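Take a look at the structure set out below.
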Amino acid sequence: MQPTIVDVQQLRKTYRGWSWGRRRDIDAVRGVSLQAYAGEVFGLLGPNGAGKTTLIKMLLGVVKPSGGWARLFDQPIGSSAARIRVGYLPESLRVDRHHTARSALTYYGRMSRMSEADIRRRSDELLDLVGLSGRDRESVRRFSKGMYQRLGLAQALMHDPDLLVMDEPTDGLDPVGRNEVRMVLERLRDAGKTIFLNSHILQEVELVCSRVAVMARGEIRAIGTLDELASQHGGGRLVITVVDSAERGDPAERVETLTADAKQILPDESELLIDSAPDGATRMTVAIQQQDLIDAMVDRLRASHWSIRRLETTRPSLESTFMQLVGQQAVSDE
């Protein structure tokens, strides 16, 4: 087990307020618990209003929790010992318009109490890494949103943090830029850095994250690897193509026998579809992903003289799993 870098236990945040003369409290985060480990890319997903930004602000020490606790590197959130090891990329970076990319990095380096020599060395490395080395002395007033995002990534990495917290890291980037950011994240992960990111681009999360947590209405709906979430919440499918080695002549009898064999293994509520494959074989599709059920199904078919021509499992996309978990809220919040 890798060391725990982010440890959150029953964290809560309630905003107190008044509306039309009546007190109205908003529970933005409701008892969230999660862990992120050294060297992993952890994704935080959820629709608008799920509480993701509030959770990140609490981890950074910007917002004080209403209850529960959290630690970074086994240090209380908000402490200087925790903050010095964290780099943060906000969703919308704001840089004073008189800056160039290089002068902005110098500014951020001084804020992190880096020496001038280290600032120059690190600036050269990072400007090259994010693709701004040729435009490092150009005013940020001319920067596109994508260039701002590249500069934001560079400033987050300036002091070589062990934990990188990123809010929509590929927002505003074209496909080439997204691919470049992905490669940077993979290099950081391989170097042992921990990355905690919030993104609404599910395809990007699917490509880079080792584990994800899905939030809705301030609560964690699911947490785990992509395979675990797909198996538990996504409705994956097992497709088995078989031929009848017992030579049952009647097609209806083959379907009836195959259905009976399958139902001996499947839970009562499982979906089952049997149709003809293009080559004349029989194809069975069932809504299971659990390995023990797959093994039992194969054993049953072989015992009943079915010859397995092809077996494949299909994992649903992260988008379909996400919609399964929070689809109703995602629709109502639009």
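Give L325, L272 a once-over and let me know the one that is more than 30 Å from E247 (Cβ to Cβ), touching a helix residue (DSSP H, G or I) at 6+ places or on another chain (Cβ under 7 Å) and outside the structural domain of E206 (by the TED database).
Residue meeting the stated conditions: L325.
Answer yes or no as to whether S210 is in contact with a strand residue (DSSP E or B) (Cβ under 7 Å, 6 or more places away or on another chain), polar (S, T, N, Q), under 28 Å from G327 (Cα atoms) and open to solvent by less than 20 Å² (accessible area, probe 1.4 Å).
Considered against the rule, which asks whether it is in contact with a strand residue (DSSP E or B) (Cβ under 7 Å, 6 or more places away or on another chain), polar (S, T, N, Q), under 28 Å from G327 (Cα atoms) and open to solvent by less than 20 Å² (accessible area, probe 1.4 Å), S210 comes out as no.
Looking for whichever is surrounded by fewer than 19 Cβ atoms within 10 Å (Cβ to Cβ), within 26 Å of M58 (Cα to Cα) and not aromatic (F, W, Y) here; the options are G192, G218. Which one fits?
Working: G218 fails: surrounded by fewer than 19 Cβ atoms within 10 Å (Cβ to Cβ).
From the options G192, G218, the qualifying one is G192.
Just to be sure I understand, how many residues within the range 286-321 are among the acidic types (D, E) and in contact with a helix residue (DSSP H, G or I) (Cβ under 6 Å, 6 or more places away or on another chain)?
Total satisfying the criteria: 1.
Among the numbered criteria (1) open to solvent by 80 Å² or more (accessible area, probe 1.4 Å); (2) touching a residue at least 12 places away in the same chain (Cβ under 8 Å), which one does S144 miss?
So S144 meets the others, but not (1).
Among the residues of the range 156-179, is any more than 23 Å from L93 (Cβ to Cβ) and either in the same structural domain as G68 (by the TED database) or not in a helix (DSSP H, G or I) (or both)?
Looking for residues that are more than 23 Å from L93 (Cβ to Cβ) and either in the same structural domain as G68 (by the TED database) or not in a helix (DSSP H, G or I) (or both), one finds none in the range 156-179, hence no.
Among the residues of the range 73-92, write down those that are in contact (Cβ under 8 Å) with a residue 40 or more places away in the chain, of a type in the set (A, V, I, L, M, F, W, C) and buried (at least 16 other Cβ atoms within 10 Å of the Cβ).
Answer for the range 73-92, where residues must be in contact (Cβ under 8 Å) with a residue 40 or more places away in the chain, of a type in the set (A, V, I, L, M, F, W, C) and buried (at least 16 other Cβ atoms within 10 Å of the Cβ): F73, V86, L89.
Which of the following residues is of a type in the set (G, A, S) and either modelled with pLDDT under 95 or open to solvent by 40 Å² or more (accessible area, probe 1.4 Å) (or both): A50, A70, A36?
A50
The values are calculated or read from the model by the stated rules, or taken from the named source; none is laboratory data. Everything quoted here is computed from the prediction, not taken from an experiment. Don't worry about glycine lacking a Cβ; one is built from the backbone with ideal geometry, like all the others, and counts go over all protein chains shown. These accessible areas exclude ligands, DNA and RNA; they are computed on the full protein's heavy atoms, side chains included. Shrake-Rupley method; radii C 1.70, N 1.55, O 1.52, S 1.80 Å.
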